[in-house]
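Here is the structure we will look at, set down as structure tokens.
The values are calculated or read from the model by the stated rules, or taken from the named source; none is laboratory data. Quick caveat: nothing in here was measured; it's all calculated off a predicted structure. FYI the Cβ positions are ideal-geometry reconstructions off the backbone, even for glycines, and counts take in every protein chain you see.
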Amino acid sequence: MVTAVTSMGRSGLSDWLMQRVTAVILLAYFAYIGVVVVSGVDYVAWSDLFSQTWMRVFSLLALISLGVHAWVGLWSVFTDYFTERMMGTAGNVIRLVAELVSGLVMFTYLVWGIQILWGL
Amino acid sequence: MLQVSIYRYNPELDSEPYMQDVQVDTAGKDLMVLDVMEMIKAQDTTVTYRRSCREGVCGSDGVNMNGVNGLACVTALSKVVKNNKLVLRPLPGLPVIRDLIVDMSLFYAQYEKVQPYLQNNTPAPAIERLQSPEDREKLDGLYECILCACCSTSCPSFWWNPDRFIGPAGLLQSYRFLADSRDTATEERLSKLDDPFSVFRCHGIQNCVNVCPKGLNPTRAIGHIRNMLLTRAT
């Protein structure tokens, strides 16, 4: 069995399942946001919507889902293209740097998102 | 005259591969691609490729014809030729030994990984292990694979990770034994597949289904393996 320590859940099945579940959450979230926007929304209504706890929870769930989904997807892309097989030993360095940078970006977005949602 | 462009590479003479243009007189007949390759070989005996049964059974002559993998012996010119031009290349993703011949070691190593043989730890019966017609039917569409490698070498996931992703051909065989009612090693087989590469590098793009000369469906078999892993783990 091939081992991988940088994948989301260390197991292919767990990564696969997380990607599917997060995709459904993201679809539901953006479909809802789409409906709200299309049905017409002003600042007051928008502000009211995001002041409700359930909407903040839903938004945070979507934000975490986005991070997980992006990690599983990008990790697949990085381990396809930035590899020793494709680029020589430089591939390993580039892959680790790419993983680190995308991890940092996702973490930053998450903290920033919490800050925005709860108006901290 | 059919315009054929054929991939040439002899590592002992050429510093790098090149495409050689050849004209072949097919006399207006809808020949098989292998017939055309034989005619080219008659003109230039150094052109090299694998072939054997010439009827789609042995799986030796898998090549890339106008960008699509297939068996040269059972692919008619009318199916692949566009604008009277035929481009012949070796199967993509594997190291080229010479001209259209690729080194299949990586492909076979993945096949070996799935232990493509029946494993049964119960005492052997006096005559044979019986199987109901219903259980036998589950193997249809799985056992017919001839290991021509057309599917695995059309799969980008296999191109990028041929040492870690088992590939459609190997996974089809893996499921052939997972689905066999006489095999008792299901748990051991599944536990070897639950990593991010062996099975889960398949993103379901179905290039394998598109090119299989035997009309098999590795993507469906991979889906069944995934479901077995999911059922086992949840």
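A few remarks follow.
- Within the set B:LYS29, B:LYS41, B:LYS82, the sole residue that is more than 22 Å from the chain's Cα centre (by Cα), touching a residue at least 12 places away in the same chain (Cβ under 8 Å) and surrounded by fewer than 17 Cβ atoms within 10 Å (Cβ to Cβ) turns out to be B:LYS82.
Matching residues to (1) within 30 Å of B:MET228 (Cα to Cα); (2) aliphatic (A, V, I, L, M):
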residue	(1), (2)
A:ASP15	yes, no
A:PHE30	no, no
A:PHE50	no, no
A:VAL57	no, yes
A:LEU63	no, yes
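- Of the residues making up the stretch A:32-52, just one is charged (D, E, K, R) and exposed (fewer than 10 other Cβ atoms within 10 Å of the Cβ), namely A:ASP42.
- Test: residue in the stretch B:106-124 that is without any contact (Cβ under 8 Å) to a residue 12 or more places away in the chain and in a loop (DSSP other than H, G, I, E, B): yes
- Of the criteria (1) surrounded by fewer than 17 Cβ atoms within 10 Å (Cβ to Cβ); (2) more than 14 Å from every other protein chain (Cβ to nearest Cβ); (3) more than 12 Å from the chain's Cα centre (by Cα), which one A:THR108 fails: (3)
- Within the stretch B:34-66, the set of residues being among the basic types (Lys, Arg) and at positive phi comprises B:ARG54 only.
- Failed criterion for B:ASP140 (all others in (1) assigned to a helix (DSSP H, G or I); (2) closer than 20 Å to B:ASN227 by Cβ hold): (1)
- Where strands (runs of 3 or more DSSP E) fall wholly inside the stretch B:1-79, the ranges with 3 or more residues that are over 22 Å from B:PRO95 (Cα atoms) are B:2-8, B:18-24.
- Cβ-Cβ contacts under 6 Å between residues 6 or more apart (or on different chains), taken from a first residue in the stretch B:209-234 that is on the phi < 0 side of the Ramachandran plot to a second residue that is of a type in the set (D, E, K, R) and at pLDDT 95 or above, are listed as B:LYS214/B:GLU144.
- The stretch A:46-82 - residue that is of a type in the set (Gly, Ala, Ser) and within 14 Å of chain B (Cβ to nearest Cβ) and, of those, nearest to the chain's Cα centre (by Cα): A:GLY73
- Which numbered condition B:ARG129 misses (of (1) more than 24 Å from the chain's Cα centre (by Cα); (2) within 14 Å of chain A (Cβ to nearest Cβ)): (2)
- Any hit, the stretch B:169-192, residues being surrounded by fewer than 24 Cβ atoms within 10 Å (Cβ to Cβ), in a loop (DSSP other than H, G, I, E, B) and within 13 Å of another protein chain (Cβ to nearest Cβ): yes
- The stretch B:142-159, residues that are over 20 Å from B:ILE101 (Cα atoms) and either out of contact with any helix residue (DSSP H, G or I) (no Cβ under 8 Å at 6 or more places or on another chain) or within 13 Å of chain A (Cβ to nearest Cβ) (or both): B:GLU144, B:SER157
Results for (1) exposed (fewer than 11 other Cβ atoms within 10 Å of the Cβ); (2) within 14 Å of chain B (Cβ to nearest Cβ), shown as yes or no for each residue.
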position: A:MET86; (1), (2): no, yes
position: A:ARG95; (1), (2): no, yes
position: A:ALA98; (1), (2): no, no
position: A:LEU104; (1), (2): yes, no
position: A:TRP112; (1), (2): no, no
position: A:LEU117; (1), (2): no, no
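- Flag if A:SER7 is touching a residue at least 40 places away in the same chain (Cβ under 8 Å) and outside any helix (DSSP H, G or I): yes
- Residue list for the stretch B:117-135, filter: out of contact with any Ser or Thr (no Cβ under 8 Å at 6 or more places or on another chain) and surrounded by 12 or more Cβ atoms within 10 Å (Cβ to Cβ): B:LEU118, B:ARG129
- Within the stretch B:198-213, the residues that satisfy the criterion of being within 14 Å of another protein chain (Cβ to nearest Cβ) and buried (at least 17 other Cβ atoms within 10 Å of the Cβ) are B:SER198, B:VAL199, B:PHE200, B:ARG201, B:CYS202.
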